[in-house]
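The structure appears below as structure tokens.
The values are calculated or read from the model by the stated rules, or taken from the named source; none is laboratory data. If you're wondering where the values come from, they're calculated on a predicted model, not measured in any experiment. For neighbour counting, all protein chains shown are included, and Cβ atoms are generated from backbone atoms with ideal geometry for every residue, glycine included. Accessible surface areas use protein heavy atoms only, side chains included; no ligands, DNA or RNA. Shrake-Rupley method; radii C 1.70, N 1.55, O 1.52, S 1.80 Å.
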Amino acid sequence: MRRSEFTELADHVFGPALARTYTQDLVLEEIGGLTAEQAFEHGVSVRSVWTALCEAMDVPDSARWEIPLAQRRR
């Protein structure tokens with residue numbers, strides 16, 4: 001998973017404003033008590049950060065990995 005995919009999925013799942021807030025401010029215990037941004041700076045894999053964010057926000061598995069074609073950025 002690339003960082004650009006993380007951003008696109010986060011924007012889709014949470015909306016752009018909340019996605020930015022969650023990645024900058026939400027402390028994710030699953031990845032050592034870091035925010036997503038801090039985790040990226042520490043070299044934590046993007047997929048691990050995405051999974052931790054989804055777990056923290058109770059995003060169902062069915063909504064985590066797929067953006068419908070009509071809603072994808074072009």
Filter pass, Ala39 being touching a Gly at 6+ places or on another chain (Cβ under 8 Å) and assigned to a helix (DSSP H, G or I): yes
So Leu26, is it farther than 14 Å from Met57 by Cβ, among the aliphatic types (A, V, I, L, M), open to solvent by less than 70 Å² (accessible area, probe 1.4 Å) and modelled with pLDDT of 95 or more: no
Lone qualifier among Thr7, Thr21, Thr51 - being assigned to a helix (DSSP H, G or I), open to solvent by less than 70 Å² (accessible area, probe 1.4 Å) and without any contact (Cβ under 8 Å) to a residue 12 or more places away in the chain: Thr21
Criterion (loosely packed, with under 14 Cβ neighbours inside 10 Å, modelled with pLDDT under 95 and not hydrophobic (A, V, I, L, M, F, W, C)) met by exactly one of Glu66, Glu41: Glu66
